[in-house]
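Data first, discussion second: the structure below is written as structure tokens.
The values are calculated or read from the model by the stated rules, or taken from the named source; none is laboratory data. The structure presented is a predicted model; accordingly, all values stated were derived computationally and were not measured. Note that we place each Cβ from the backbone using ideal geometry, even for glycine, and neighbour counts take in every protein chain shown.
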Amino acid sequence: MKIGMLDSGSGCLSVLHEAYHTLPAETEYVIYADLDHVPYGTKQQEEIVELTRKGIRMLADRGVDAVVIACNTATGAAIKAMREEFDFPIVGMEPAIKPALEIVLGEELQYVSYAAGCAREAEKQTKQETCSNKKRVLAAATPLALQAEKFHKLVNRYDEYDLVDPIALPGLVTFAEKEDFDEERICTYLLEEMDAHHYRKEDYGALVLGCTHFNYFKPIYRKLFGEEIRFVDGRHGTIRHLADLVGMAYNEKEVPVMFRCAEELHEKYHTTFFISGRETNREQDQHWLRLLQRLEAIRHI
């Protein structure tokens, strides 16, 4: 099975890393990182649709059996059109709003229809008083991802008690692409963005990582928000859905992985990387290796 993955840049490695751990070892991967146009999150939707189309066409030319749009922004902007244009499965990312709310509410959420919602209005009002003492959910993503219909549908469906606070953090994409994980610099950036919205870090019990680039910064989030903060993102659900869709085994126990040299990415993990359509060189492969090593080191944070 050959799987294509597409992202505006290096964020897709966090999804690839999840696939290495849970999909069969013989799986082949073709990665399209559109570094010529990173970040997507500050672009217009029409441009993102065209860039996504270009990437998926290249992946199709490489003979992939399915594609993961490993980018929340591109998923929200383009996945509907891409599914209409291409004849193989295309899986996207979804902001993990529901599981984040389940963390802070301590209960499993169900979809509530309009009629059922009206019938539960008295219950809702009572529970809102209780929820005033609950921790909140900080939903971090790119500006365009937060504007997407998918994000608003998820919030409207599950956030009955107004616990979700959105925040756009496009600067984290730039930090990740530069491999800049300086704790002081990034904490300052995060606090400045939160202060602009009058958000207080002590109010949050769950942090939604609504951009695949954001997974690189977990140790810094933990230092900023405290040990009790919980992280949620769409990688696990995306890879599980992919496996179900194409009939692949999904390893619940996780396959051990080790990244010792860049050559192993090609030879052991059967992965080919492209930057905006150009096959990468050794220097860029070293960049992928360092980012994957970081993801492995912080996997269980």
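So here's what we get for this one:
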quantity: Count - residues of region 41-56 that are at pLDDT 95 or above and hydroxyl-bearing (Ser, Thr, Tyr); calculated: 1
quantity: Hits in region 187-216 (condition: closer than 23 Å to residue 163 by Cα, crowded, with 19+ Cβ neighbours inside 10 Å and either touching a Phe, Trp or Tyr at 6+ places or on another chain (Cβ under 7 Å) or of a type outside the set (A, V, I, L, M, F, W, C) (or both)); calculated: 204, 205, 207, 209, 210, 212, 215
quantity: Residues of region 265-283 classified as part of a helix (DSSP H, G or I) and surrounded by fewer than 17 Cβ atoms within 10 Å (Cβ to Cβ), total; calculated: 4
quantity: Residues of region 175-220 classified as touching a residue at least 24 places away in the same chain (Cβ under 8 Å) and either out of contact with any His (no Cβ under 9 Å at 6 or more places or on another chain) or within 25 Å of residue 98 (Cβ to Cβ) (or both), total; calculated: 30
quantity: When residues of region 284-298 are limited to those that are under 24 Å from residue 231 (Cβ atoms) and free of Cβ contacts under 8 Å to residues at least 40 places away in the same chain, the one surrounded by the most Cβ atoms within 10 Å (Cβ to Cβ); calculated: 289
quantity: Any hit, region 83-98, residues being out of contact with any helix residue (DSSP H, G or I) (no Cβ under 7 Å at 6 or more places or on another chain), free of Cβ contacts under 8 Å to residues at least 12 places away in the same chain and under 28 Å from residue 155 (Cβ atoms); calculated: yes
quantity: Top-ranked residue of region 21-43 - restricted to ones that are within 17 Å of residue 69 (Cα to Cα) and small (Gly, Ala, Ser), ranked as surrounded by the fewest Cβ atoms within 10 Å (Cβ to Cβ); calculated: 33
quantity: Any pair with Cβ under 9 angstrom, 6 or more apart, that starts in region 25-39 at a residue that is under 25 Å from residue 251 (Cβ atoms) and without any contact (Cβ under 8 Å) to a residue 12 or more places away in the chain and ends at one that is surrounded by 16 or more Cβ atoms within 10 Å (Cβ to Cβ) and hydroxyl-bearing (Ser, Thr, Tyr); calculated: none
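Every residue, every condition in (1) hydrophobic (A, V, I, L, M, F, W, C); (2) farther than 27 Å from residue 2 by Cβ, yes or no:
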{"site": "161", "(1), (2)": "no, yes"}
{"site": "165", "(1), (2)": "no, yes"}
{"site": "169", "(1), (2)": "yes, yes"}
{"site": "215", "(1), (2)": "no, no"}
{"site": "226", "(1), (2)": "no, yes"}
{"site": "238", "(1), (2)": "no, no"}
{"site": "244", "(1), (2)": "no, no"}
